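Report on the structure given below.
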Amino acid sequence: MNRAGPYDLTKRMKWIRRHKRPTMISVAKKMRALFVLLLALFLAAPALAAYESGTVGPYVVSFNMNTTMQYTVYVEDASKGVTSMGIGFTRYNLTIDSDDYVASMVLTRYDEPMVANISANEYIIYYALMDAGADEPNLYQPLIDGQPAVLGNFRFEKQYLGQGQYQEGDLVVAAAYSPDARIYGDGVYRGRNDCRIISTYPWEIIRDLLNTLHVQVPAEDLVSTSTNQSSPFENLLNQSS
C-alpha cells in the first residue's frame, strides 16, 4: 500500500502575480530563489497518507486515513473456523498499527450467506465494545461502503495526570457491515461476506477511513440485479462523536 503527498503551490503563485514585474535579470534571480525555497518547503512538508489499496485474501481493500501520522499495515495469514450453526468460514485480518493507536479489520467469508441486517450487526458491535470496556456504548446506523452498517463508540475514563490535570480517555470505535449483502427472496437481508473494524485512532482519522473504505468481494458473490435498497443514515459518518 503506497503513500504520496503533493505540496500545494497556489498561495505562493498568487503572491507572485500580485507584484509588479521588475527587470528581466531581477525576475530571473527571484525565480531561482523562489524555486529553491519551494523545493525546500516541498522536501520538508509532511506527506499526507494517500489512497491505500491492496489484496487481503480474496478481497481488494482500499481506504484513505488522510493523516500525517506514521503507520504500518499488516495482513495476517488466513484462519478457518465453523460457526455455532455448523457453517464454515475463512477469516482474513488486516492491522493498521502506529506508535499510539491501532485498528483491526476482520474480513470473513462464509460458506453460505448469513443474516447481515441491522439487528445482527448491532448485537455484534454492542458486545464487542462491552468486552473492550464500555459501560454503555453509543450505537449509530450509517452507510459504510454504500451498505447499511452499525457504528459504535465509547471513551475510556479520563486519566489523572497530577496537579489537577486530566487526560481524556482514548476513543474506541467499532463498525460492522456486509459488502455484498442483499435482500433475498424470503425478504431476509443476507451476505456471504462481512467486514468488522475496531479502532483506537482519533475520530477524524477513523472517520475518514470509514468514509472511504471499499471492500471488493469475489465476483461470484455479487449479483447483477439491483435490490433497490436505501437508507436514511447516509450522512452520519460526517458527524463527530
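Only the coordinates and a few stated rules stand behind these numbers; no lab work does. Here the structure is a predicted model, which is why all the values come from computation and not from measurement. As a convention, Cβ positions derive from the backbone with ideal geometry for all residues, glycine included, and neighbour counts pool all protein chains shown.
So between ASN64 and LEU222, what do we pick up on full extension, going 0.36 nm a residue minus the alpha carbon distance?
54.5 nm
Could you work out how much longer the chain between THR212 and SER119 gets when fully extended? Use 0.36 nm per residue separation minus the Cα distance between them, nm to one decimal.
Here the segment from THR212 to SER119 would lengthen by 31.1 nm.
Listing LEU210, LEU171 from the residue with the fewest other Cβ atoms within 10 Å to the one with the most, what is the order?
Taking fewest neighbouring Cβ atoms as first place, the list is LEU171, LEU210.
Which distance in nm do the two modelled labels at MET130 and THR55 give, with both placed 7 Å along the Cα-to-Cβ direction?
So the label points at MET130 and THR55 sit 4.0 nm apart.
Determine, for VAL102, VAL61, VAL217, VAL223, the number of other Cβ atoms within 10 Å of each Cβ, and report the residues in order from fewest to most.
Listing VAL102, VAL61, VAL217, VAL223 from fewest to most nearby Cβ atoms yields VAL223, VAL102, VAL217, VAL61.
What residues from segment 179-221 fall in the zone where the backbone N is under 15 Å from a label point 7 Å along the Cα-to-C-beta line of MET85?
181-194
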